[in-house]
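Here the structure comes first, spelled out in structure tokens, and everything after it is commentary.
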Amino acid sequence: MNTTYIFQMMNRITISMLAVTALLVVQPLSAATIVKNYEEGSKAAGKNGYIVFAYGANWDPTGLQVCKKHMESAAVKEAAGDAAMWPAPFYQLPNDEQKMDQGIKWGALPLPHVFSSESYPGLLLFDKNGINYATINGAVVQRGTPEEVAAKVKSAIDGKHKRDEIMTRADAAQGAEKAKLLLEAALIPGLNRPEKIVEAIKAADPQNSTGAASVLTYEPSAKAEAYSEKTLAETIADMEKMLEQPFWQPEQRQSMYAIMIGKLHKEGQYDDRAKIRELARKMRELKPDSLFGRSSVVVERIWGGQIDYETGWSPLCLPPGGGLVQIIGRVPISNPGRYTVTFVKTGGADLRILGVEVHKGGKRIGGDEHTCVVQLPKKEEVDPRQKGPRRLSSRARSAQKDDDSMDNVYNVTIPKGDDVTLHVRIENGGNSHGRVIIRKK
């Protein structure tokens, strides 16, 4: 055998080995297996169990197509690891043939309920014992990309393995330590709560010294209903005492703040508006993106006893005995200079204003003081073509802009700085509605 031939063979072998190595690098170590039904899935599934892509077979014309788009994608296959995946129908009022089809596809796995709060198409993740530990549905499935669905799948599977590890430690623990571990396992985001977890916690911690049972049984609506008949003082005292406990979760704490805010708004005095603003800010800081967090912004604007620049004033933000009220919201005073502040009544009683103050760093540094009784504009000054609250016509606005001597126009100087605020000093509150117009001169 000549030397040239040997070198050629060695080169071919080397190239082949490099190609195989490259394939191993780019391919995931494991990818899910797509099967036809539960029987095949039970043989193919690894430690990640089953992922059933459920769709409404006789009432959703696009469900199966959506399921296949995600199930057959490389991203979802990789995220699912060694799980077995397949599409499975469920029917409304199935006939015998449809019942047989469901039975084959679902096998020993529990069927979803047609009239449940879940939406489909969706992904139901089961462990090898047939326990549905996570459900992925809604907008991310119907309108999201396979990559977005894959991220949800990976998060759920990782969460499941983490919970299994915590439950193993809980099995070896006793008392309060066991209760804490069980609570930690129950609160892993994105997973369904394990069955009878509350009973297990109560058995481990019958005195509820850890508060774990309270966390899992807390119902915000029931708590609010329970305090509907209590006095304002009793409600505030009880809620503040509950908030001292360290075990409450962020949204549970937010609901307690919400109960206090509702009670203050319904039964409190104007001076309690500052407390409402404080509680709304605390509620938002805990979890800004939650329902409570997002609503706190509106609560602070409408119930906080301040004039919102975008919505104007109402009886809710006017102190009955008069006083200083801040203008909040998107106040257009970011650039230093001279400004006019105009008050336009849109309904209700007349409002008596004593002046406008400019504050910087919480201290008054200037303003314009003169008394004005804000009344409705003349009929001819209202533009009937504009919808919503009454608006001044362009002629009336131009007149206000040019005539700074009008009673309802205040002239102020705004300095440079992010901590500059505008405040209105009123003589009386009452049932008055209106809006504020701020313009740079």
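Annotations
- Fraction in percent of alpha-carbon pairs per bin - 20 Å, the chain: 18, 32, 29, 17, 3, 0
- The chain: angle of helix 3-26 to the longest principal axis, Cα-based, in degrees nearest 10: 40
- FRET E, pair Val373, Asp289, Förster distance 51 Å, beta-carbon r, rounded to 0.05: 0.70
- Considering only the chain, percent of DSSP beta bridges that pair antiparallel, nearest 5: 80
- Sites Lys47 and Lys360 - FRET efficiency at Förster radius 45 Å, r taken between beta-carbons, to 0.05: 0.10
- The chymotrypsin sites (Phe, Trp or Tyr not before Pro) of region 213-296 that meet both conditions, a loop assignment by DSSP and at most 14 other Cβ atoms within 10 Å of the site Cβ, are Phe247.
- Region 86-141, relative contact order in percent, only Cα pairs under 8 angstrom and at least six apart counted: 26
- For the chain, averaging the sequence separation of C-alpha pairs within contact (under 8 Å, six or more residues apart) and dividing by the residue count gives a relative contact order of 11 percent.
- Dipole orientation for region 236-387: of the candidates Met242, Gly322, Thr371, Thr371 has the Cα lying most toward the positive pole (charges on Cβ; Lys, Arg +1; Asp, Glu -1).
- Cleavage-rule hits, trypsin sites (Lys or Arg not before Pro), region 114-188, DSSP coil, Cβ neighbours within 10 Å at most 16: Lys128, Arg143
- Computed helical MRE - 222 nm, the chain, DSSP H runs ≥ 4 contributing -39500 (n - 2.57), nearest 500: -13000 deg cm²/dmol
- Label positions at Leu93 and Ser228, each projected 7 Å from the Cα along the C-beta direction, are separated by 3.7 nm.
- Taking the longest Cα principal axis of the chain as reference, the axis of helix 291-303 is set at about 0 degrees.
- 0 to 90° range, to nearest 10: angle between helix 175-186 axis and the chain longest Cα axis: 90
- Spin-label model distance (nm) - Asn411 vs Asn58, 7 Å beyond Cα toward Cβ: 8.0
- Computed over region 160-208, relative contact order equals 36 percent, with contacts defined as Cα pairs under 8 Å that lie 6+ residues apart.
- Ala151-Val297 FRET efficiency (beta carbon distance; Förster radius 30 Å; 0.05 resolution): 0.60
- Label-to-label distance, Thr311 versus Leu324, with points set 7 angstrom from Cα along the beta-carbon direction: 2.5 nm.
None of the figures in this text is laboratory data; all of them are computed from the coordinates on show. Just so it is clear, the structure is predicted and the values come from calculations on it, not from any experiment. Virtual Cβ from ideal backbone geometry, glycine too; neighbours counted across all protein chains shown.
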